[in-house]
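*Asks:* Below is the structure I would like to discuss, written out as structure tokens.
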Amino acid sequence: MATTPKKPMKIDSPVLEAAPMTAREAAPTTTPEAAPTQMFDAASAPVRDMQENVRKATERGVEETRAAYARVKAAAEEATGSLETSYSTASKGIVEFNTKALDAMRANTEAAFDLMKALFSVKSVSEAITLQSEHARKQYEAMSFQAKELANLAQKVATDAAEPIKTTVARTFSAAR
């Protein structure tokens, strides 16, 4: 006996005839396994936002620190330059001061030797006293003049040596305002 193949039965149901569903549509929206993950994602969002804010703040801090370092480095280089200039000016001034002081000592020593020579050729005590008095008066005038010259020179050297530092400090404080 020959059997004829059976035809599949057709069921008229609107649910079964609907378009096939994708895997996402077929899966329930909240499965017991997905619920903790969704809760974790929702709970970790503020933490991620906070981490992002901390990262941005840290980056800003690093940029500001780099900028501050660059400013400090430039100020230090400028201060070093002004100190070098000040030192150079002071050194030249000290050399000039020492030269003037040595010239004054030489002049005073020569005056003392001239007095000694003159005293060896005197014939009387009154002449020796007159030479001594005249020498003392001239030396007082010479030493007063030399002291004033050296004081003025020392003041000039100090002022000239401090000028580069004074200028740098004034510029630094005016820039900081």
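*Asks:* Does ALA90 satisfy the criteria of being at pLDDT below 95, among the aliphatic types (A, V, I, L, M) and under 41 Å from the mean Cα position of the chain (by Cα)? Quick ask: steps written out before the conclusion?
*Replies:* Working: at pLDDT below 95: yes; among the aliphatic types (A, V, I, L, M): yes; under 41 Å from the mean Cα position of the chain (by Cα): yes.
For ALA90, the condition - at pLDDT below 95, among the aliphatic types (A, V, I, L, M) and under 41 Å from the mean Cα position of the chain (by Cα) - is met.
*Asks:* Of a type in the set (Lys, Arg) and in a helix (DSSP H, G or I): is that true of LYS138 in this structure?
*Replies:* Values: of a type in the set (Lys, Arg): yes; in a helix (DSSP H, G or I): yes.
Spelling it out, LYS138 is indeed of a type in the set (Lys, Arg) and in a helix (DSSP H, G or I).
*Asks:* Under 8 Å by Cβ, and 6 or more places apart or on different chains, what pairs join a residue from the range 124-149 that is among the aromatic types (Phe, Trp, Tyr) with one that is not in a helix (DSSP H, G or I)?
*Replies:* Partner pairs satisfying both residue conditions: none exist.
*Asks:* Also, I was wondering about something else. Restricting to the range 95-124, and then to whatever is assigned to a helix (DSSP H, G or I) and of a type in the set (Ser, Thr, Tyr), can you tell me which residue is nearest to ALA158 (Cα to Cα)?
*Replies:* Looking at the filtered set, the residue picked out is THR99.
*Asks:* Which members of the range 139-177 meet the condition of being among the polar types (S, T, N, Q), at pLDDT 95 or above and surrounded by 14 or more Cβ atoms within 10 Å (Cβ to Cβ)? Reasoning before the result, please.
*Replies:* Quick first cut of the range 139-177, residues among the polar types (S, T, N, Q) only: 139, 144, 146, 152, 155, 159, 167-168, 172, 174.
When the remaining residues are screened for being at pLDDT 95 or above, the result is 139, 144, 146, 152, 155.
Matches in the range 139-177: GLN139, GLN146.
*Asks:* Across the range 72-100, which residue is nearest to PRO164 (Cα to Cα) among those that are of a type in the set (Gly, Ala, Ser) and exposed (fewer than 12 other Cβ atoms within 10 Å of the Cβ)?
*Replies:* Initial filter on the range 72-100 (of a type in the set (Gly, Ala, Ser)): 74-76, 79, 81-82, 86, 88, 90-91, 93.
Subset that is exposed (fewer than 12 other Cβ atoms within 10 Å of the Cβ): 74, 76.
Numbers: ALA74: 16, ALA76: 14 Å.
If we take residues in the range 72-100 being of a type in the set (Gly, Ala, Ser) and exposed (fewer than 12 other Cβ atoms within 10 Å of the Cβ), then ALA76 is nearest to PRO164 (Cα to Cα).
The values are calculated or read from the model by the stated rules, or taken from the named source; none is laboratory data. Values in this document were obtained by computation on a predicted structure and should not be read as measured data. Cβ sites come from the backbone with ideal geometry, for glycine too, and all protein chains shown count toward neighbours.
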